[in-house]
Amino acid sequence: METDLEKHHLDLLDKYGLLDHQSVCTVRKFSSGETIFAQGVEYKYIMIVVSGKAKVCTSAPSGKDLVLAYYLSSGLIGDVELMSDTTYATASVITLSAFECIIVPFQDNQDSMFQNLTFMTTLAKGLSENLISSSYNYTSNALYSGEQRLCTYILQGAYKNYFFDNLTDVAATIGISYRHLLRLLNKLCDDAILKREKRRFQILDKEQLVKRSSEAEYFTKNH
C-alpha cells in the first residue's frame, strides 16, 4: 500500500540529504511475511526504512533462504546494489513485521544523490555497520554451539520482544537440522526464556538470551 509523505518522512529524507528528491518519493507499507523485492529482480530505487523489521536473504540452489543481515527501524535497503552499480537485486528482502519505508527512485549514476556528501557519508556508515554485523555472524557459525547461534539469531531477528521467522530457513541459516532447532526452541521455552505463541515466540528473559548467545559482549554494548 502506498501513501503520501508526512512530516516524519520528510525528516528522514532530510537526515539522508534527500529532500530534493521528495517530489518523486512515495511511502510504501507491507504486512509481515511479504517480499519487498526478490533476488534477481531489476530495481531502480533505494528504500529508507521508517519502521518495522525485514530480513535480507539469498536463495540457495535448494530453494532454502540463508539470512545475510537484518534491518531494524532505520537504514537503507538497496545500498549494496547502488554502490556496486548493479541493476538487479543481489538478495531478497522479506518483512518480519509490519513494515514501512520510503521509496526513493533515482535515474542513474549521474543522479544528484551521488554528489550529495550527506547521503554518501550516511550510506557508507551503514555499509560498514552491515559488514561488521556479517563478520560477527560468520564467526558465530564457525566457532559456537547450535544454542549460541540460535540465541544470537533470535536477538538479531526479534522485533518488539517477539521473534517470528520461517523455522526451516532458520535451521539452514545457522547450520543445524530442523529437528535439533525444535529441541533447542523447546529448551528455551522450558527455561522460561521464550514463550511460544502460535507461529511466533515472545522473549521473556532477554538477559538470559543474551548470556546464551555467541556474541554476549557485542549485544551488551550495542543493544
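Out of residues 5 or more away from residue 25 or on other chains, whose amide H comes under 5 Å of its own, with H placed 1.01 Å from N in the peptide plane? The answer is none. Annotation: amide H of residue 37 within the under-5 Å range of 93, sequence separation 5 or more or interchain, hydrogens built in the peptide plane. Over every Cα atom in segment 91-131, the radius of gyration and the widest Cα-Cα span, Dmax, amount to 13.1, 35 Å.
Every number in this text was worked out from the coordinates using simple rules, so none of it is lab data. No experiment lies behind these values; they were computed from the predicted model shown.
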